[in-house]
Structures are given as C-alpha cells and as structure tokens.
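Report on the structure given below.
The values are calculated or read from the model by the stated rules, or taken from the named source; none is laboratory data. No experiment lies behind these values; they were computed from the predicted model shown. Neighbour counts run over all protein chains shown; Cβ positions are idealised from the backbone, glycine included.
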Amino acid sequence: MSLAFTNARIFTGTETIEGKVLIVRGNKIDSITEPFSIPTECEIIDCGGNHLSAGFIDLQIAGGCGYLFSSDPTPEALAAITRAIVRTGTTGFLIAIPTNSMEVYRQVIKVVAENPHPALLGLHIEGPFINPLRRGAHIMEYIRPPVKEDVEAIVSQAAGVIGMMTLAPELCSPEVIELLNNHGIVVAAGHSNATFNEAVEGFRNGIRTTTHLYNAMSPLHHRNPGLAAAVFQTPGVFASIIADGIHVDYNMVSIAKKLLGNRLFLISDAVEENRKEAYMHIRREDRFTLPDGTLSGSALTMMKAVENCVKHVSIPLEEALRMATLYPARVMRIAGRGSIEPGYRADLVVFDDDFKVQKVCMNGALI
C-alpha cells in the first residue's frame, strides 16, 4: 500500500517542512514531495494541519493495558501491552524486566523470542547485577553479584532478544561488560552507588548509557560527584531521564539537558497496576508506588514526556522530539529508524498542538 500524508507540519529530525506531502510505499518512507506530485495509487491521509514526526522509541517500559509483563509473561499479555504502547505513538520499545528470578528471565526471553512484533525491540533487563544500596523498588532477594557464569547463563538463553542490560559498574568486571557488548547488548549503568572514578572506569570498559539519570544512583555532591557527574563529564556516554516532574524535578532535567545536549534521551519507565507476584504497583493519581509508598514507576507516555520538556523545561519542540526518537535510535544503533528519511521505516506519529496523538503509522500501516 502507498500512503500520502498531506496537510502536515513534517518534522524530519533535522527540520520542519510545511506545504509538502510525505509519501510512504510499503513499509518505507519514499519521499517528501509537492502536493501536485502525489502518485495516483496513494491513499490520502489528511493530517489536519498537525505535527508529523517519526514514531517514538521508548527504551524502558514495563507494562500497559492492565498487564505488567514480568508478572504475566505470556504472549497474550505481550500483545496487549504492545497494542497499548503503539496507540500512544511509540512505535519502537524495549520491554523492561526488573530484578527477578532466573525462572522469570527464562519465561520472558522465551515469550519475546517466539512472538516478534515490528514495535518490539527486545528486552531491557534491569538487574539483577545491581547495588542493593541503590535498589529502589527492586526486590532484595533477587539481587546477586555479577558472576561471569551467571551472566553467560542469561545471555546464552536470550537468543538475541536482550537489547539492553542495566547493571552497577562498581560491581562488574571488565570481562562481564565485554561479554554483554560482544553479544550486541547495550550496557547501561544504573541502580548503582558508584563513585565518580568507578563510573568513569565502567564507561571506559564499554558501558554506553545510563538508566534513569539521578534516580537510584549515587547523587551529585560537591565532594563526592558520583555517577551522575561521571555521565556529565564523559564524552559519548548517553543518559535516559524520566521527565515527569516526579522522578526528577524539572530544574534538574534542565541542568542535565544543558550539560548533555544530544546525549540525553527520554524514557517513560512506565509500569502498570499489579497486585500479584513479586512486584506490586499501586496506581496513584500521577505515578505508581509500592504498597509501602516507595516510588516504583511512572504513568508517562513518550508523548507526555515530550510535552513536559516543552512546557516545563523550555526545550524547543524539535529538540524534545529528537530526545524521543533520534537519540534513542542512536543509543541502540538502530539503522533506518528515529527520523524521517527516504528508505527509513515508516514509523510515524501525528499529534496536535495540545500534544494529543491523532494518528499512528507503524511499519507502513495505519494503526
């Protein structure tokens, strides 16, 4: 099928173009052309004068549509979660699994491997090789030291479906980090009490990014700079951030953006209400907590995170969109996604001036 997206403010990833038409053929972006040059076979998609961007890429989301995947690792749950995520404009995501038992890891790996989907980029295994001092909402009994044999056991079962693993750099040997990198897994520093020097050493050893900047990590301090400062001071290292004003104050988002520039990207870190199994998340008005009140996850969508960056952090819309599209694609080294260019996959989101999603196109098909 060929589609022609008309009457849109097209943000390509580098510029906003008005008065043109975006042509999609099959599952690929074909061209941006003049309205009088629309091929006759195209179905016309009138965008109503709204914004048209590449679809969002969320590298950490744990559930949706009533399911928390780690507590319900079934094909049915994964399909429902995926449908819910795609409707919000996110056309690429890593499904996040918190520190858990080996049995749960085996189950989620099997389900993801056997149920591919155009939006599903794989698993983000958050733990179990994290620092108990910075465990946040993670369960203590499942945290364990990063013995190379345990890492190999997880990787050997993964069949290439793990896209990212979060670990504490102060606990991990260079051999463990190298092992993960050799299997194509992006290594992230998080849930860590690393000193500045320990974190920098981890980055030198191959850690590429940082999980939810500021949260569950050694804090900024004028005598003990910690992990966050190490990210700021290490060129080439990325950091994700939860821009909901709850996990991170908007002033701290602003500081991080000024220091990191195009190395800062958005995640939702969204969970779902769950009252069974190991991770019990209680829905509050604007967040999720454990039963004891510990903050356990956001209620964000990527669209809302973009909106928050524009409205509360004074980040220009084009840059906020790059933080939700282009930069996550760079972190994962995903070719052909994250911006609107000829030959790139046709993952698109149309949204209005109130940041409400109007249309979603994933892999060339309207959702």
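Below, the figures for the structure above:
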read-out	value
Selection status of Met140, modelled with pLDDT of 95 or more and not small (Gly, Ala, Ser)	no
Contacts under 8 angstrom Cβ, first residue in the stretch 165-186 being within 16 Å of Ile334 (Cα to Cα) and in the same structural domain as Val237 (by TED's automatic domain parsing), partner assigned to a loop (DSSP other than H, G, I, E, B) and modelled with pLDDT of 95 or more, 6 or more apart	Asn181/Gly206; Val186/Arg208; Val186/Arg333
Residue pairs meeting the criteria (Cβ under 8 Å; at least 6 apart or on separate chains; first within 16 Å of Phe129 (Cβ to Cβ), in the stretch 204-219; second in a loop (DSSP other than H, G, I, E, B) and among the polar types (S, T, N, Q))	Met217/Asn193
Near pairs, Cβ below 7 angstrom, 6+ apart or cross-chain, from the stretch 1-18 (closer than 16 Å to Gly48 by Cα) to any residue that is of a type in the set (S, T, N, Q) and in a strand (DSSP E or B)	Arg9/Thr16; Ile10/Thr16; Phe11/Ser53
Asn251 vs. criteria touching a residue at least 60 places away in the same chain (Cβ under 8 Å), closer than 30 Å to Phe196 by Cβ and either under 17 Å from the mean Cα position of the chain (by Cα) or not in a loop (DSSP other than H, G, I, E, B) (or both)	no
Checklist (1) outside the structural domain of Leu321 (by TED's automatic domain parsing); (2) surrounded by fewer than 19 Cβ atoms within 10 Å (Cβ to Cβ); (3) more than 27 Å from Thr209 (Cα to Cα) applied to Glu15, failing item	(3)
Positions within the stretch 241-273 being touching an Asp or Glu at 6+ places or on another chain (Cβ under 8 Å) and among the polar types (S, T, N, Q), in sequence order	Ser268
Pairs where the first residue, in the stretch 278-302, is not assigned by TED's automatic domain parsing to the domain that holds Glu319 and the second is of a type outside the set (D, E, K, R), C-beta under 6 Å, 6+ apart	none
Selection within the stretch 195-247 - assigned to a loop (DSSP other than H, G, I, E, B), farther than 23 Å from Ile143 by Cβ and in contact with a strand residue (DSSP E or B) (Cβ under 8 Å, 6 or more places away or on another chain)	Val237, Phe238, Ala243, Asp244, Ile246
Candidate set from the stretch 159-168 (those that are hydrophobic (A, V, I, L, M, F, W, C) and at pLDDT 90 or above); member that is farthest from Glu103 (Cα to Cα)	Ala168
Condition broken by Ser37, with the remaining ones in (1) at pLDDT 95 or above; (2) farther than 24 Å from Ala329 by Cβ satisfied	(1)
Answer residue from the stretch 69-87, given it is part of a loop (DSSP other than H, G, I, E, B) and small (Gly, Ala, Ser) and is nearest to Phe351 (Cα to Cα) among those	Ser70
Residue list for the stretch 338-362, filter: more than 18 Å from Asn50 (Cα to Cα) and surrounded by fewer than 21 Cβ atoms within 10 Å (Cβ to Cβ)	Glu341, Pro342, Gly343, Tyr344
Residue satisfying condition, being in contact with a helix residue (DSSP H, G or I) (Cβ under 8 Å, 6 or more places away or on another chain), farther than 24 Å from Gly190 by Cβ and of a type outside the set (A, V, I, L, M, F, W, C), within set Gly19, Gly49	Gly19
Selection count where residues are touching a Leu at 6+ places or on another chain (Cβ under 9 Å) and either of a type in the set (Asp, Glu) or crowded, with 17+ Cβ neighbours inside 10 Å (or both), scope the stretch 274-288	7
Leading residue by the ranking (surrounded by the most Cβ atoms within 10 Å (Cβ to Cβ)) among those in the stretch 95-126 that are under 19 Å from Ala346 (Cα atoms) and in contact with a strand residue (DSSP E or B) (Cβ under 9 Å, 6 or more places away or on another chain)	Leu121
